[in-house]
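J.: Below are the structure tokens for one structure; questions will follow.
Coordinate-derived values only; no laboratory data. Since we're looking at a predicted model, the values are computed, not measured. Neighbour counts are summed over all protein chains in view; Cβ atoms, including those assigned to glycine, are modelled from backbone coordinates with ideal geometry.
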Amino acid sequence: MRTLFLALALIGAVESLDVRARDAVQAAREPWLEPVMEGASDIGRPAVLYGLMLAIAIFDPLGPSTARLAICALVPTNLAVEVTKRSTLRTRPDGERKRSNSAFPSSHAANAFAVAWVFARRWRRLGPIFWLIAALVAVSRVYLNRHWTSDVVVGAVYGVVFAAAAARWLYPPIERWYRRRAGAGGAGGGLVD
């Protein structure tokens with residue numbers, strides 16, 4: 001019984017923080033930021049991310065393995081997000097309430113952080129840029145009044161957790177294959193530059 005009361009108290013505290021954050025962000029909106037935030041939000045759309053995976057698979061020497069890992073991270077991330085959305089039915093800050101498009105958690109944030117994790121592992125020197133882009137996608141969802149802060153935080157956690165799990169499952173075989181290929185006359189190295 002104590003656990004139930006503790007959970008309810010925590011939910012109330014999180015909701016209170018969400019409302020205060022939403023009010024502060026909405027009060028600070030500026031017309032010049034609208035296209036920036038809408039563009040950032042578009043980066044987190046699945047069609048954009050899968051198009052990016054295709055381009056990487058074509059133009060990067062290690063592109064197919066990088067794209068494969070990203071897709072292996074995105075599929076379970078999106079499945080978990082969709083199951084959670086349909087289970088929680090949380091109303092969005094703008095008032096929309098649809099089971100198929102519930103606010104909690106943010107799929108844009110989940111996708112952006114999953115891809116950031118994969119790309120930061122592949123191109124380590126550019127890692128901070130990938131993390132900043134993922135954070136911008138998450139912030140844009142709060143700025144555009146489509147998600148609460150807790151939605152994007154949990155979405156980001158989903159993305160990172162599922163990307164790390166996909167890498168743990170998929171990377172060792174890819175890494176072994178690349179090292180064998182590099183040892184047979186290749187340039188050497190691993191999946192990171």
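J.: Sorted by packing (mean other beta-carbon atoms within 10 Å per residue), highest first, where do 110-116, 126-132, 79-85 land?
T.: 110-116, 79-85, 126-132
J.: Taking the C-alpha atoms of the stretch 53-116, how large are the radius of gyration and the largest Cα-Cα span, Dmax, in Å?
T.: 14.8, 46
J.: Another one. Scattering from the C-alpha atoms of the stretch 2-183 alone, worked out with Debye: what is log10 I(q)/I(0) at q = 0.11, 0.18 1/Å?
T.: Listed by q, the Debye log ratios stand at -0.52, -1.15.
J.: How much length is gained if the chain between Q26 and D94 is pulled fully straight, taking 0.36 nm per residue apart and subtracting their Cα-Cα distance, in nm to one decimal?
T.: 23.4 nm
J.: Order these peptides, 158-170, 66-78, by their mean beta-carbon neighbour count within 10 angstrom, highest first.
T.: For the peptides 158-170, 66-78, the packing ranking is 66-78, 158-170.
J.: Take R168 and N145, extend 7 Å from each Cα along the Cα→Cβ direction, and tell me the distance between the two endpoints in nm.
T.: Spacing of the two 7 Å Cα→Cβ label points: 4.1 nm.
J.: What is the calculated FRET efficiency for L17 to L126, with r their C-beta to C-beta distance and R₀ = 35 Å, to the nearest 0.05?
T.: Efficiency, rounded to the nearest 0.05: 0.60.
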